[in-house]
Amino acid sequence: MKYIHKEVRVKISALQIEQFMRVECVNLAFAPSGAITIAGDNGSGKTSVQTFLELCFGGKDKCPKLPVKVGAKKAMGKLTLDDEGRCVTVEVEVAPDRSVKAVVRQAGGPSLDSPMTLLKTFVSKFTFDPFALMMLAGQEQRRVMLDCLGVNFDDLEGKAEKIKEERKEVGRDRNGRERQINSMPEWGGVPDKELAVASLASRLQEAMVHNDKCRKFVEAANEWKDEVAALTEEQADLEAKLLKVREELVAARAANDRAWIVCHDLQQFDLAPMQKQLSDADTINGKIRANLARAALVVQFQVDHERYVELGRSLDLIEAEKQDRLNQAKCPIEGLEFRDDGVWYQGLPLSQDMESDQMIRSVQLAAALNPKLRTLCIDNGERMLPTKLGELNEWAEANDYQIILFRAAPSPEGCQFFLEEGKVTHGDE
């Protein structure tokens with residue numbers, strides 16, 4: 001989209017071109033408002049008409065490399081402008097060497113001084129290409145439109161980016177610890193502290209020594225029992241020796257009595273529970289250590305989670321402030337929204353709308369952002385559906401806009417002017 005007028009309310013009322021690029025002779029008269037379609041097949045001269053308009057407003061800087069039609073000595077053209085009721089004519093003469101002579105007159109009077117300076121005041125520095133806008137990614141499209149509205153989120157988005165990075169890192173730590181926690185078993189029925197393995201081993205050793213002593217006492221008692229039995233049998237056999245062995249028998253009986261008294265009071269420890277406890281101590285302690293490690297991770301997870309939630313609230317506050325700024329900025333088109341992922345219209349991304357509807361929204365946005373805008377020239381008009389072209393024409397007429405569309409087409413159907421081989425064959429005024 002080019003030739004957006006911003007300082008003065010100029011419209012194009014007529015255009016005459018001779019021997020310029022592919023154009024042999026073109027004479028066009030434009031309606032003051034509505035969508036005006038200039039169509040033609042490739043090579044018909046549409047681009048030549050566009051380039052001549054650029055040349056009229058931009059001077060030699062806009063002159064093509066080969067401005068004069070092959071075989072002609074020079075190219076000429078006349079552009080008639082309507083400056084709020086005042087007629088301004090621009091007469092341009094171009095030589096093959098790309099030298100440009102321009103004469104600007106007002107209401108049939110003498111030529112004006114500094115014609116190119118005057119013409120450039122008719123064209124705003126602001127340009128708006130709706131098809132280029134449609135090709136932008138969602139966020140870039142949003143940025144361009146917000147720039148047009150004068151809304152800037154750089155400070156907030158800088159803060160948000162830092163918070164998002166910190167939140168992402170905290171989230172990774174939190175998720176990592178959560179995965180660790182979920183992969184670690186939590187054992188029930190074990191003490192909170194590790195068992196003292198050395199103490200258990202010492203107690204087992206003392207019990208084993210005690211039991212060994214008990215065993216020896218029992219063995220000794222059994223020996224005395226056997227001795228008594230042997231002596232008793234020997235007594236039966238050796239009555240003659242009774243007096244000699246009586247003292248030995250009495251002593252043996254006394255020793256035997258003492259031994260059994262001791263044996264009667266002895267109590268052996270059950271070694272099996274202590275042996276099992278000792279063998280299970282490492283397993284139990286491993287479970288205790290696992291529980292302690294898991295509990296520490298749960299605490300850190302809670303800290304990370306609270307920080308994650310806090311950072312989320314910070315992002316929500318930034319989003320709220322961004323929304324406040326958008327609410328304070330008057331939206332140029334009803335139903336248009338600016339979101340983080342791009343520009344939306346009536347609840348859908350603008351990029352998902354039909355190209356024709358995107359074109360209409362773009363034209364409306366350009367007009368809303370430039371209150372004095374009156375004339376637009378749009379290339380690639382063939383990308384707009386005929387029904388939508390009618391809608392654009394109704395909008396332009398209702399809002400007093402003049403929209404000139406250049407459209408590639410093989411036939412003159414649905415257009416005001418049709419070019420073939422550098423001439424107007426349909427709609428020639």
ask   = Once the whole set of protein chains is in place, how much accessible area is left on Arg142, using a 1.4 Å probe, in Å² to the nearest 10?
value = 20 Å²
message = Counting only helical runs of four or more DSSP H residues, what would the 222 nm mean residue ellipticity of the chain come to if each run contributes -39,500 (n - 2.57) and the total is spread over all its residues?
response = -18000 deg cm²/dmol
inquiry  = Using Cα springs under 10 Å in a Gaussian network model of the chain, which residue among His305, His264, His210 shows the largest mean-square fluctuation?
reply    = His264
ask   = GNM, the chain, Cα, under 10 Å: largest mean-square fluctuation among Phe20, Phe269, Phe406?
value = Phe269
key: Of Lys78/Lys423; Lys101/Lys423; Lys46/Lys73; Lys46/Lys101; Lys60/Lys101, pairs whose Cα-Cα distance is over 18 Å   = Lys101/Lys423; Lys46/Lys73; Lys46/Lys101
ask   = Once label points are set 7 Å from the Cα along Cα→Cβ at both Glu397 and Asp61, what is their separation, rounded to one decimal in nm?
value = 3.8 nm
message = Nearest 10 degrees is fine. How inclined is helix 271-328 to the longest principal axis of the chain, computing both from alpha carbons?
response = 20 degrees
note = In Å, the Kirkwood hydrodynamic radius from C-alpha pairs for region 281-343 sits at 16.0 Å
query = Using modelled amide H (1.01 Å from N, peptide plane; none on Pro or chain starts), what sits under 5 Å from the amide H of Leu385, excluding residues fewer than 5 places away?
reply = Ser356
Rounded accessible area per residue of the chain, 1.4 Å, Å² = 58 Å²
Options (i) 41.1; (ii) 19.7; (iii) 21.9 - which one matches mean projected area of the Cα convex hull in nm² as calculated here = (i)
request  = State the extension gain, in nm to one decimal, for the chain segment bounded by Lys193 and Thr283, taking 0.36 nm per residue of separation less the distance between their alpha-carbons.
outcome  = 31.1 nm
remark   = Pairs over 28 Å Cα to Cα, from Lys216/Lys241; Lys322/Lys388; Lys11/Lys62, come to Lys216/Lys241; Lys322/Lys388
Per-selection metrics, region 257-413 (Cα): Rg and Dmax in Å = 40.3, 138
key: Highest average packing first - 414-427, 211-224, Cβ atoms within 10 Å   = 414-427, 211-224
ask   = What order, most packed first, do the peptides 98-105, 152-159 have when packing is the mean number of other Cβ atoms within 10 Å of each residue?
value = 98-105, 152-159
ask   = How many percent of DSSP beta bridges within the chain run antiparallel, rounded to 5?
value = 75 percent
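The values are calculated or read from the model by the stated rules, or taken from the named source; none is laboratory data. Every value quoted in this text rests on a predicted model; they were computed, and no experiment measured them. All Cβ positions, even for glycine, are placed from backbone atoms using ideal geometry, and neighbour counts span all protein chains on display. All accessible areas refer to the heavy atoms of the entire protein, side chains included, with ligands and DNA or RNA removed. Shrake-Rupley method; radii C 1.70, N 1.55, O 1.52, S 1.80 Å.
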